[in-house]
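Computed from the coordinates by the stated procedures, all read-outs in this text should not be read as laboratory data. All values derive from a computational prediction rather than experimental measurement. Quick reminder, even Gly has a Cβ in these numbers, built from the backbone with ideal geometry, and neighbours come from all protein chains shown.
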Protein chains: 2
Amino acid sequence: MKTSQILIPTQKEAPNDAQIISHQLMIRAGLISKLASGLYSYLPMGLRVLQKVEKIIREEMNNSGAQEVLMPVTQPAELWQESGRWDEYGAELLRFHDRHNRAFCLGPTHEEVVTHLASQYLNSYKQLPMNFYQIQTKFRDEIRPRFGVMRSREFIMKDAYSFHLDKDSMQAEFEKMHATYCQIFERLGLNYRPVLADSGSIGGESSIEFHVLAESGEDAICFSDESDYAANIEKVAFSKQEKTNSTSASEKQVLTKKITSIEEVAQFLKVEQAQCVKTLIIKTANGYKALALRGDHELNEIKTQNLLGDFEFASDEEIKSLDLKKGFIGIKDLSIDLIVDYSAEVMVDFVCGANQWDYHLTGCAWDGIKFKTADLRNAVAGDASPDGKGKLVIKRGIEVGHIFQLGDKYSKAMNANVIGESGKAVTMMMGCYGIGVTRVVAAAIEQNYDERGIIFPASIAPFCVVIVPINYNKSTRVKDLADNLYQQYLDAGIEVLLDDRKERAGIMFADSELLGIPHRLVLSDTHADNGNVEYKARNNPEKIEVKFNNALVFIQSKLK
Amino acid sequence: MKTSQILIPTQKEAPNDAQIISHQLMIRAGLISKLASGLYSYLPMGLRVLQKVEKIIREEMNNSGAQEVLMPVTQPAELWQESGRWDEYGAELLRFHDRHNRAFCLGPTHEEVVTHLASQYLNSYKQLPMNFYQIQTKFRDEIRPRFGVMRSREFIMKDAYSFHLDKDSMQAEFEKMHATYCQIFERLGLNYRPVLADSGSIGGESSIEFHVLAESGEDAICFSDESDYAANIEKVAFSKQEKTNSTSASEKQVLTKKITSIEEVAQFLKVEQAQCVKTLIIKTANGYKALALRGDHELNEIKTQNLLGDFEFASDEEIKSLDLKKGFIGIKDLSIDLIVDYSAEVMVDFVCGANQWDYHLTGCAWDGIKFKTADLRNAVAGDASPDGKGKLVIKRGIEVGHIFQLGDKYSKAMNANVIGESGKAVTMMMGCYGIGVTRVVAAAIEQNYDERGIIFPASIAPFCVVIVPINYNKSTRVKDLADNLYQQYLDAGIEVLLDDRKERAGIMFADSELLGIPHRLVLSDTHADNGNVEYKARNNPEKIEVKFNNALVFIQSKLK
């Protein structure tokens, strides 16, 4: 295609609301256009990228034996009432009434519709397993849409739902989808990791997230430096540890006037934060609880919730009402339940609050104190990997995929049964598998850019090659050579863009770099004098002279 | 693909709400599944057909130089207020509020969004012309969704919008899209006709509909039997006719007791309906009007509205209040304006009501009566073609495409300007071009079916070839041959379905015929004894024995 035939509205400045690099670059490169908060149009170059991502996902899903379907965006309330999610799902579910005053929603996900479909068409165990997927527009009414297409309201998702006679079959499909997703993200050319994850509001028993690694990622992911272990930081589980012997140190009360934070206390007392214990007070449905953690550790709210149910941190007034001194809370003589994190439990000779204003205790131990223990904290870099191999490293990731073993959460609520081998009705087991298609494009950019713009992986670049002729509109020789090369590439089935604009070379170079086209060929009268074209890869500063007559073969070898 | 790997839920009975054949067959063949009124899921076989239609449309639109984009389904109210359609558009526009109480709609069409887009990115005449298209989910809240995907609420449309510096460029693109649409419907293998049409609520100056011809079509289309003239019946325009001399017949009043309808009067008086004049009374903003038409003609409501504005037929009470006698209204001594259709104006020696209970007049003429004339009627078969060549034939059609010259209706309202050659701002001219993608599938079936099911055109059939082995699960020889043939076809890139189910031959034959797969090969032990396979085309009852070794080449020649 020629640049004059396609809208590529590049711009120098990013809009003010674009906080992250992918949002800035997608606007600057003319891939997307904002229509309203969280609503974006895909312009021609952006849609080319999106369609390449879709094509790879579709091919691999088909290879896996999944069947493509297309369900409506609009969904009747009745199905959501049947599953129970009409009331559970928050304001992100956009609800409306049609002209006959019937309630509907815009689908943020399709568990209800597909389970309804399966209950209509799957009647016998002989039909199972079956996996349906679609690539389709979804809507979530985010309270604060941001980061461009990374967290937009309308977006495209590949969502798949599988149906099974039993748990073994469900798990087998989960493994197959795990492998399929790896294949998809490999082909997309992304540095990604599958990580253990929490199932969240979708429900179910087991889930794995697929993250594209990028410094700007919203999620922290923990990896073992010696094994394949990887998990979302929220999901890293620690076990009870072996206690070492008690220390001989003896407890002392020390004046720590107005020194309340762990940082300050550790500095003042010249000890590591890891030698301090901090005590947090929370309010649960079963009263207040004190939680003790090592000073350098953070409370994991999901683990806490799983253990104690919904909770909130106690307010200053509430702490006061318990006769506790904020900033000086300790572990001794508490009137409320104390739960100690596994890592804190094995500490000896530690510092903690004295439960008196302006005093801490040093040389503490747990002897004589009544408490329960639990896994309460987030992982930190250097923690032993839960699989016993190596230490944990923490990186940032962008969640682009998520696979779940749903079990019978939806099929039970919606009576999705088949006749089993014995002739009795069996509730089907389900899995579900999502990829944020539009989000993949943004994540690919977060992972692959430099100061000049996007560096698209070859598999999803809008064009593979750009030809930049200098003086295309003035030099007949350059024009003829450029047109000749362009036609050679077209004939060879290579996706090539010929920049035929009357622009300065600098602008054409800048645009092709901003757009992240992997391979660039420059043609000028000087090059023509030598029978050459100049080649440069987007991800390599080096420029190479290539014989014009070899320019096709040269690029073909690069594209292999 | 093997039948066991894909959901094909064929059924013998059509649901009660399926009134038309395409709806019945799409449900029976397992192409679609109803989710709620006007909402359908595409099952795997249906989606294959839909994607083939989309691919052909996409290729031809790209060939025409149009650029594919993707705009959001949800659209902010502000844009529709700017164009004026927020108030104009009726209840079919589904409106809702987001969680921040901002008003939105689900897009039934995208003129506003694309004009807004164009006003952002098109600044100079040098960028024009430009044509943007998308293939996307649309929503219209039909008051009575029916006929399956033919008139559903959620549907897929290819909508394109072009932008121009002037009318000439707009007309040139209109011609180009006309040719592109012809190419698309040719490739889809459909018997179609482009016809002159009314622009309706989209607005603009000139429009052409593309109709798939089918007896069940909602629209009547008039063709000349001697020229290319074709128009929607509503759009056939008639001119004033030459009057012949008055007749010598003299007017008589005859008793027609309780005989009121044109049919009865003509029969009773032994004259043709074409020899009678009927007078209709309507109520307009400017008072009541009497409209006179030839007895065998029908009032064209669009022409009437274009002439007199919004109107309704007068009620019995209103007719009474005008001192007129329903069933016996005539043309003489009326107290209200009389408008006579061109075809009635040239009548002589005709019958009409006597404006007295139980009496008609015969031998009437227009002499001495005060009236205006106009083109008020629908065409009928046998009318002279408006282009002066031949007579009109009437066929039924299903509207699947519509192209419009919009002019500046939207660009003016939304300030979509470019800098023209002279340096001054110029309002862009626009065209818009739609194809109902999901509707094309239904229309293709309305045009191509028999008592056994669908007869898909080869270009959009879900599979090109079906292999039906008899005793696939019992005869190793049949299984080996069938698998061998299946693999040959796969390797040759032919879309083949192997029916590997343990079903009776009759059921397998019935399913492949219901699904409309163009080519069928049957393999049995008997055939194997002779080294043959049996071939049958879906659209031909003849069965042919083909040598197994030639079966690949044979099918390849059929697919050419």
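Ranked by the mean number of other Cβ atoms within 10 Å of their residues, highest first, the peptides B:493-505, B:131-143, B:109-121 fall in the order B:109-121, B:131-143, B:493-505. Which residues in the stretch B:466-490 have a backbone N closer than 19 Å to a point placed 7 Å from the Cα of B:LYS560 along the Cα-to-Cβ line? Answer for the stretch B:466-490: B:489. Protection proxy ranking, highest mean first, for peptides A:551-560, B:540-549: A:551-560, B:540-549, where packing is the per-residue count of other beta-carbon atoms within 10 Å, averaged. Considering all different alpha carbon pairs of the stretch A:1-43, the Kirkwood hydrodynamic radius works out to 11.0 Å.
How many times 2.2 N^0.38 Å is the alpha carbon radius of gyration of chain B?
Output field value: 1.20.
Distances between equivalent label points of A:LYS474 across the copies, with each point positioned 7 Å along Cα→Cβ, amount to 8.3 nm, shortest listed first.
Among A:LYS303/A:LYS409; A:LYS289/A:LYS370; A:LYS52/B:LYS158; B:LYS303/B:LYS391, which pairs are too far apart, with a Cα-Cα distance over 18 Å?
Beyond 18 Å: A:LYS303/A:LYS409; A:LYS52/B:LYS158; B:LYS303/B:LYS391.
FRET efficiency for the B:GLN81 to A:ASP310 pair, using the beta carbon distance and R₀ = 56 Å, is estimated at 0.80.
Quick one: compute the contact order of the stretch A:463-559, relative version, from alpha carbon pairs under 8 angstrom and 6+ residues apart, as a percent.
On the way: 153 pairs, mean separation 28.6, N = 97.
Once normalised by length, the contact order is 30 percent.
Divide the volume of the convex hull around the Cα atoms of the stretch B:252-374 by the residue count and you get 96 Å³ per residue.
The other copies place their A:GLU13 label points at 6.8 nm from this one, listed shortest first, where each point is 7 Å from Cα along Cα→Cβ.
Calculated over the stretch B:347-392, the projected area of the Cα convex hull averaged across directions stands at 5.1 nm². Among the residues of B:62-69, the average count of other protein chain beta-carbon atoms within 10 Å of the residue beta-carbon is 4.
Each semi-axis of the equivalent ellipsoid for the stretch A:488-530 is √(5λ) with λ an eigenvalue of the Cα gyration tensor; in descending order they amount to 18, 17, 9 Å. Summary for B:SER250: label point 7 Å along Cα→Cβ; distances to the equivalent points in the other copies, ascending, 14.8 nm.
Extension gain, A:SER250-A:THR284: 0.36 nm per intervening residue step, less the Cα-Cα distance, totals 8.8 nm. I want the antiparallel fraction of DSSP beta bridges within the stretch A:463-559, as a percent rounded to 5. Bridges in the stretch A:463-559 that DSSP calls antiparallel: roughly 55 percent.
When shorter helices are ignored and each DSSP H run of at least 4 residues is given -39500 (n - 2.57), the per-residue value for chain A at 222 nm works out to -8000 deg cm²/dmol. Using a ≥ b ≥ c from the Cα gyration tensor of the protein assembly as shown (square roots of the eigenvalues), is it rounded, prolate or oblate, where a/c under 1.5 gives rounded and otherwise the larger of a/b and b/c decides, a/b for prolate? Prolate. 3J(HN,Hα) along the stretch B:526-540: 4, 4, 4, 4, 9, x, 10, 10, 9, 10, 9, 7, 4, 9, 8 Hz, from the Karplus curve 6.51 cos²θ - 1.76 cosθ + 1.60 with θ = phi - 60°, whole Hz, x for Gly and Pro. Counting Cα-Cα pairs of the stretch A:463-559 in 10 Å increments starting at 0 gives whole-percent bin shares of 17, 56, 27, 0.
Most tightly packed first, judged by the mean number of other beta-carbon atoms within 10 Å of their residues, the peptides A:469-475, A:30-36, A:261-267 read A:30-36, A:469-475, A:261-267. For the rotational copy relationship between B and A, the axis lies nearest to a chain B beta carbon, identified with its distance in whole angstrom as B:PHE96, 2. Counting only other chain Cβ atoms within 10 Å of each residue's Cβ, the peptide B:135-142 averages 2. Segment A:ILE143..A:ALA537, full-extension length gain: 137.7 nm, with 0.36 nm per residue of separation and the alpha-carbon distance subtracted. Which stretch or stretches of the stretch B:433-466 have amide N atoms under 12 Å from the point lying 7 Å from B:ARG396's Cα along the Cα→Cβ direction? So the set is B:446-447. The alpha carbon centroids of the stretch A:38-82 and the stretch B:1-77 are separated by 14 Å. Expressed as a whole number of Å, what is the distance separating the alpha-carbon centroids of the stretch B:523-560 and the stretch A:147-226? So the separation of the two Cα centres works out to 47 Å.
Counting only other chain Cβ atoms within 10 Å of each residue's Cβ, the peptide A:89-97 averages 3. The P(r) of the stretch A:1-132 has a tail past 23 Å containing 58 percent of all C-alpha pairs.
Between B:GLU263 and A:ASP168, the modelled labels are 7.1 nm apart [label points 7 Å from Cα along Cα→Cβ].
Listed from fewest to most Cβ neighbours within 10 Å, the set A:HIS297, B:HIS211 follows the order A:HIS297, B:HIS211. Remark: spin-label model distance A:VAL553-B:SER206 equals 5.4 nm, labels positioned 7 Å along the Cα→Cβ axis.
Would you mind getting me the FRET efficiency between A:ASP529 and A:GLN11? Use the beta-carbon distance for r and R0 = 60 Å, nearest 0.05.
The formula returns an efficiency of 0.95 here.
Model label sites at B:GLN127 and B:GLU175, defined 7 Å from Cα along the beta-carbon direction, differ in position by 2.7 nm.
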